[in-house]
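Quick notes on the structure that follows.
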Amino acid sequence: MHPRKRASMSTPAAKPTRRDERRAQTVREIKELAMKQISAGGPDAVSLSGIVREMSMSPAAVYRYFANRDALLADLVVDAYNELADALVAIEQATGSAHDHLIAVLHGSRTWAVEHPNAYRLIFQTSVGSGKDFAVERTVPAASRSMAVIVEALDAVTTRDNRVVPLESPARRLPMSEAITEWAERSGLAQYSESVLMLAVLSWTRLHGIISLELGGHLAATGIDAALLFETEAATLCRQASALQTARPESIEPIEPIEPK
């Protein structure tokens, strides 16, 4: 057989055994019950003993699936981040412009959050979702996937020339500039310009601020429709990304931090 033809052949995936299927089903049930506990009382309400009672399992049986409560929470966080990233990746650019794609990606974040409020609250409204306390090697890469989609969409709106335009003079780096650089390196986004990365962080905080207020019911008192507010902010961010197309290096002034009095 020709080597190239042999290399192109793939081995069929092994069919899961009944034991594998039962295990996968049990893991899904454990996670579903954990998410119900999170819905009722937040991450602190997650209890393996409570899940054991609900599923009529022996106390020791649950530890065959999760070593401890933190391991279960880490799995839930990674699942949520990956589901959000998958939803954003699925938004194809098709024949639309880069601007249309950026708007679609930004709206995709809100759509996913509204459809999965408990998962959203877990990853964006609790310290558990930050990955700071446990499973950093899993949660950080998962969290970076959705951010990478947003950064790429923002970058596509700008010109190639903008990649060499720094946010400020390299000889005079400010604390925020250094923080952006360190974050980009940790997240695998160092290939993008500092201007795009700064706007990406601002986009992330501003848009998730609206989503959090919406899910918390805090916008009701204003009488402002959450979808309209989000649409307005997304359009503003798109205009800011477009402005980077014509920005010249000398026109980008450093942002001085405000010193507390």
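Determine the shape class of the range 44-108: with a ≥ b ≥ c the square roots of the Cα gyration tensor eigenvalues, call it rounded for a/c under 1.5, and otherwise prolate if a/b is greater than b/c, oblate otherwise. Prolate, because a/c is 1.5 or more and a/b exceeds b/c.
Placing dummy labels 7 Å off each Cα toward the beta-carbon, the span from Thr232 to Ser39 is 3.2 nm. The orientation-averaged projection of the convex hull spanning the C-alpha atoms of the range 71-249 amounts to 11.0 square nanometres.
The length gained on full extension between Asp100 and Ile224, counted as 0.36 nm times the residue separation minus their Cα-Cα distance, comes to 42.2 nm. For the pair Asp70 and Gln240, a Förster radius of 35 Å applied to the C-beta separation gives a FRET efficiency near 0.35, rounded to the nearest 0.05.
Across the range 18-66, the fraction of Cα-Cα pairs farther apart than 17 Å, rounded to a whole number, is 31%. Between Arg28 and Ala156, what FRET efficiency comes out of the Förster formula 1/(1 + (r/R0)^6) with R0 = 41 Å and r the beta carbon distance, rounded to 0.05? After rounding to 0.05, the efficiency reads 0.65. Here the range 18-66 is treated with +1 on each Lys and Arg Cβ and -1 on each Asp and Glu Cβ, and its dipole about the Cα centre works out to around 240 debye. For the range 61-75, backbone phi angles converted through the Karplus equation (6.51, -1.76, 1.60; θ = phi - 60°) give residue-by-residue couplings of 5, 5, 6, 6, 10, 9, 4, 6, 4, 5, 5, 5, 4, 4, 4 Hz, Gly and Pro being listed as x.
Shown is the FRET efficiency for Glu54 and Val114, computed with R0 = 30 Å from the Cβ-Cβ distance and rounded to the nearest 0.05: 0.65.
The numbers here are math on the coordinates, done by the rules we state, and not lab data. Small disclaimer: the values here were computed from a predicted structure and weren't measured. Methodologically, a virtual Cβ is constructed for each residue, glycine included, from the backbone with ideal geometry; neighbour enumeration extends over all protein chains shown.
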